[in-house]
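Here's the structure we're looking at; comments come further down.
The values are calculated or read from the model by the stated rules, or taken from the named source; none is laboratory data. Everything numeric in this text was worked out from a predicted model, so none of it was measured. For neighbour counting, all protein chains shown are included, and Cβ atoms are generated from backbone atoms with ideal geometry for every residue, glycine included.
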Amino acid sequence: MDGVLDGADAKHHDNLGDIFMKGLRLLGAGALLLAGGVAYADPCKITIDSNDMMQFSAHELTVPSACTDVEVTLRHSGKLPAKVMGHDWVLAKDSDVSGIVNAGLAAGASHGYLPENDKRIIAATKVVGGGESTTVKFSIAALTQGARYVFFCTSPGHSSVMRGQFLFGGTRVAQAGK
Ligand code: CO
């Protein structure tokens, strides 16, 4: 009887040992991934995806306040052409979004639904269709800590769903409103 129990006990320990080793291996893989992210990803360069379902892949983008220039790449992973499901990526103050969208509608398709020389626009990409991508680079010197910035798409009807918050400086933005 004792022998059976000892055997079961020993097996139990073996299983725990296995689980422990698997855990270590998983931790090891995670640490490698993290190290890779820190070593190779430039936090001042952001890529955001868009698709045929009128969606951006992120509702919030964050860049460190230490960035001088920010580079945003907009990809369109869908199949529909720009005429049907074109997207752009535009950055502005929250309070300016509807004004820019309306001015964009007035400007029309030939201008990519984007008003020309509009001072309210901080940054804007060109319009892309399925399979295309485009990049815009801008300085965050133009941004004020604590103000609310929004990125959005100016294609007709898109900005109600294709929009998100653009944060820079992380916690410093939250603390700026003291
Ligand atoms: Co769009």
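Checked against (1) small (Gly, Ala, Ser); (2) touching a strand residue (DSSP E or B) at 6+ places or on another chain (Cβ under 8 Å); (3) at pLDDT below 95, Gly146 passes all but a single condition, namely (2).
Counting only strands (runs of 3 or more DSSP E) that sit wholly inside segment 50-153, those with at least 2 residues that are among the β-branched types (Val, Ile, Thr) and more than 16 Å from the ligand (Cβ to nearest atom) are 60-63. For segment 73-109, filtering for residues that are buried (at least 19 other Cβ atoms within 10 Å of the Cβ), within 14 Å of Met162 (Cα to Cα) and of a type in the set (Gly, Ala, Ser) leaves 2.
Thr125 - would you say it is surrounded by fewer than 19 Cβ atoms within 10 Å (Cβ to Cβ), in contact with a Phe, Trp or Tyr (Cβ under 9 Å, 6 or more places away or on another chain) and not aliphatic (A, V, I, L, M)?
Numbers: surrounded by fewer than 19 Cβ atoms within 10 Å (Cβ to Cβ): no; in contact with a Phe, Trp or Tyr (Cβ under 9 Å, 6 or more places away or on another chain): yes; not aliphatic (A, V, I, L, M): yes.
The answer is no for Thr125.
Looking across segment 38-49 at every residue that is without any contact (Cβ under 8 Å) to a residue 40 or more places away in the chain and assigned to a strand (DSSP E or B), the one that is nearest to the ligand (Cβ to nearest atom) is identified as Asp49.
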